[in-house]
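Data block below; observations after.
Bear in mind that the values in this text are calculations on the coordinates, not laboratory data. Note that the coordinates shown come from a computational prediction; the quantities given were computed from them, not determined experimentally. In this analysis, Cβ positions are derived from the backbone assuming ideal geometry, glycine residues included, and neighbour counts consider all displayed protein chains.
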Amino acid sequence: MNKPTSAYVHIPFCTQICYYCDFSKVFIQNQPVDDYLRVLVREFESYDIKRLRTLYMGGGTPTAITAQQLDYVLTELTKHLDLSMLEEFTIEANPGDLDADKIAVLKHSAVNRVSLGVQTFNNKHLKKIGRSHNEAQIYESIDALKGADFDNISIDLIYALPGQTLDDVKENVAKALALDIPHLSLYSLILEHHTVFMNKMRRGKLNLPTEDTEAEMFDYILSELKKAGFDHYEIANFAKPGFESKHNLVYWDNDEYFGCGAGASGYLDGIRYRNRGPIQHYLKAVAEGNARLSEEVLTKTEQMEEEFFLGLRKKTGVSISRFERKFETSFETIYGQVVRDLQMEGLVQLDGDRLRMTQKGLFLGDTVAERFILDKED
């Protein structure tokens with residue numbers, strides 16, 4: 001089998017737990033960070049990875065660890081890699097964690113892309129969602145990164161937050177564009193189980209915008225970013241030409257990738273897997289030679305469903321000829337009627353060889369993609 005050329009590495013530590021987040025993470029205080037990083041490197045090396053096109057370090061918050069720890073893990077992960085092939089090495093960071101020492105470490109590493117978890121510029125809303133940084137720290141971090149010659153910078157923003165209005169979103173978009181950076185990710189708030197926000201909602205204590213207001217926010221974001229020269233290349237992602245996230249496109253193209261770290265997911269040899277999440281469980285599992293908690297061998301039907309579930313997120317959509325070559329089956333026979341129904345509802349369009357979502361379809365996102373899930377009795 002050809003080895004994947006992308007890898008995801010998970011750093012599960014945070015200095016603060018946000019109210020909306022259900023990712024695999026722990027509060028960093030009193031955690032065995034050094035042990036974790038050594039074991040993480042050991043798992044990464046167990047795959048004998050020599051050539052990567054993209055590497056992505058996410059979390060948690062990778063910049064929650066010290067500058068020395070950051071230097072160690074970045075050095076060790078790239079020690080055996082052919083760096084001439086590594087096109088994109090992204091690290092997630094929080095504005096409140098990025099001090100001068102950590103930026104110096106990033107500058108002298110193979111990292112060439114930084115994704116900042118901004119979420120909102122509004123200090124009141126930042127507190128409401130459990131973030132530890134403030135608006136001033138956002139600007140300080142961006143300026144410091146630019147000063148260290150990072151030009152590939154992305155920020156995450158969340159809209160449809162509790163108590164947020166359309167005017168608040170307009171202000172966020174204006175401030176994001178004023179940063180003069182080439183990539184923006186804008187996500188609508190999703191309520192996840194086992195989060196502070198989900199518990200608040202169940203108690204009737206979460207004042208969320210209506211669906212109509214959320215749709216207005218989505219339309220406004222699309223319109224403003226398009227005017228500013230950003231390409232809406234995926235449901236929640238916008239880039240200046242040439243600055244699309246190469247790593248995330250691996251996921252949406254339904255390609256395979258390594259996943260390393262506590263709670264990390266990967267996709268290898270037709271198997272989707274997930275590692276053990278709790279830190280001590282993960283450390284013990286790697287020591288015993290297998291970090292995985294679960295493995296799922298995808299059937300051909302499941303692989304076809306994923307091709308649409310992931311591919312339709314992209315502006316370019318899904319190539320019908322690629323689908324037919326990949327799965328050696330007729331697109332029309334399996335999905336012809338589904339597509340005609342979605343076209344009648346104004347949710348998808350066929351453009352030559354490509355099936356893609358309309359703007360109305362993109363707003364509904366996963367609801368449209370779910371229509372491509374086949375009846376298991378077929």
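Here are the numbers for this structure:
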quantity: Added length on full extension, which subtracts the Cα-Cα distance from 0.36 nm per residue, Arg38 to Lys3; calculated: 10.2 nm
quantity: Partner aspartates and glutamates for Lys314 [C-alpha distance under 16 Å; skip if fewer than 8 residues away on the same chain]; calculated: Asp231, Glu234, Glu244, Asp253, Asp255, Glu305, Glu306, Asp351, Asp353, Asp366, Glu370
quantity: Anchor Lys124: lysines whose Cα lies under 22 Å away (excluding residues fewer than 8 positions away in-chain); calculated: Lys170, Lys175, Lys200, Lys205
quantity: Length-normalised contact order of the range 300-372 in % [C-alpha pairs under 8 Å, at least 6 apart]; calculated: 37
quantity: Loop-resident sites, the range 267-357, for GluC sites (Glu not before Pro), counting at most 11 other Cβ within 10 Å (DSSP); calculated: Glu288, Glu328
quantity: Label-point separation, Leu350 to Asn123 (7 Å along Cα→Cβ), nm; calculated: 5.6
quantity: GNM result for the chain, Cα springs below 10 Å: residue of Pro278, Pro62, Pro12 fluctuating most strongly; calculated: Pro278
quantity: Antiparallel bridge percentage (DSSP; both residues within the chain; nearest 5); calculated: 45
quantity: Most mobile listed residue (Met357, Met217, Met344) in the chain, GNM with C-alpha springs under 10 Å; calculated: Met344
quantity: Spin-label pair Phe27/Glu296, simplified geometry with 7 Å Cα→Cβ offset, distance in nm; calculated: 3.2
quantity: Residue-averaged [θ]222 nm for the chain, counting only DSSP H segments that reach four residues, each worth -39500 (n - 2.57); calculated: -11500 deg cm²/dmol
quantity: Difference of contour (0.36 nm per residue) and Cα-Cα distance, Glu324 to Tyr47; calculated: 96.6 nm
quantity: Rounded Å value of the spacing that divides the Cα centres of the range 97-118 and the range 305-353; calculated: 39
quantity: Spin-label proximity, Thr316 to the range 237-274 - amide N less than 19 Å from point 7 Å beyond Cα toward beta carbon; calculated: 237-257
quantity: Within straight-line cross-link reach of Lys128, aspartates and glutamates at Cα separation under 15 Å, skipping those fewer than 8 residues along the same chain; calculated: Asp168
quantity: Stretch gain in nm, segment Asp99-Thr75, where the contour uses 0.36 nm per residue and the Cα spacing is subtracted; calculated: 6.7 nm
quantity: Cβ-Cβ FRET estimate between Asp149 and Gln68, R0 fixed at 25 Å, reported to 0.05; calculated: 0.65
quantity: Cα gyration tensor shape for the range 111-166, rounded if a/c is under 1.5, else prolate or oblate; calculated: prolate
quantity: For the chain: span of alpha carbons on each principal axis (Å, largest first); calculated: 57, 52, 44
quantity: Two-site label geometry, Asp231 and Glu135: point separation in nm, points 7 Å out along Cα→Cβ; calculated: 3.3
